[in-house]
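As structure tokens, the structure follows; a few thoughts come after it.
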Amino acid sequence: MPQFMLLHTIDPKKAATSNQMPIIKGVLNTFTKDTYCVTSWMAAGAGKVACLWEAPSEQSIIDAIAKGPPDLPVDGIYPVAVIDWAEMKKTLA
């Protein structure tokens, strides 16, 4: 399945102080059988979130996130290849 990185900019003050559960539930409701977020990294102090998605196409992600929470805007969607450095280290050992 193709993988994509979604980058988001959030309000650092709001991210550090507010309950994130409504946003989390809103994102979970965007997932479909073949379009979903695998994992996310949030740097609340920097106001940045990076999410790794699996989906058949960029358009399927655009369609899914259109149903998502409006307070999690998308800065960009990028096709990615994931490098698992722990596995790479084992393989080369």
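The values are calculated or read from the model by the stated rules, or taken from the named source; none is laboratory data. Keep in mind that what you see is a predicted model, and the values were worked out from it rather than measured. Here Cβ is always computed from backbone atoms with ideal geometry, including for glycine, and neighbour counts include all displayed protein chains.
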Collect the residues in region 48-86 that are surrounded by fewer than 15 Cβ atoms within 10 Å (Cβ to Cβ) and in contact with a Gly (Cβ under 9 Å, 6 or more places away or on another chain), keeping them in residue-number order. LYS67, PRO70, ASP71
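The rows are residues; the columns are (1) assigned to a loop (DSSP other than H, G, I, E, B); (2) at pLDDT 95 or above.
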{"site": "LEU6", "(1), (2)": "no, yes"}
{"site": "ALA16", "(1), (2)": "no, no"}
{"site": "PRO22", "(1), (2)": "no, no"}
{"site": "LYS33", "(1), (2)": "yes, yes"}
{"site": "VAL49", "(1), (2)": "no, no"}
{"site": "ASP71", "(1), (2)": "yes, no"}
{"site": "TYR78", "(1), (2)": "no, yes"}
{"site": "ILE83", "(1), (2)": "yes, no"}
Just to be sure I understand, how many residues within region 1-34 are hydrophobic (A, V, I, L, M, F, W, C), surrounded by fewer than 16 Cβ atoms within 10 Å (Cβ to Cβ) and over 12 Å from PRO79 (Cα atoms)? 5
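Counting just the residues of region 32-54 that are under 12 Å from the mean Cα position of the chain (by Cα) and of a type in the set (A, V, I, L, M), which one comes out farthest from MET21 (Cα to Cα)? Spell out how you get there, then give the answer.
Kept after step one, since they are under 12 Å from the mean Cα position of the chain (by Cα), are these residues of region 32-54: 35-42, 48-54.
Within this subset, residues satisfying the condition of being of a type in the set (A, V, I, L, M) are 38, 42, 49-50, 52.
On the way: VAL38: 17, MET42: 14, VAL49: 15, ALA50: 17, LEU52: 19 Å.
Selected residue: LEU52.
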Reported set for region 35-47 where residues are loosely packed, with under 12 Cβ neighbours inside 10 Å and either in a helix (DSSP H, G or I) or out of contact with any Leu (no Cβ under 8 Å at 6 or more places or on another chain) (or both) is TRP41, GLY45, ALA46
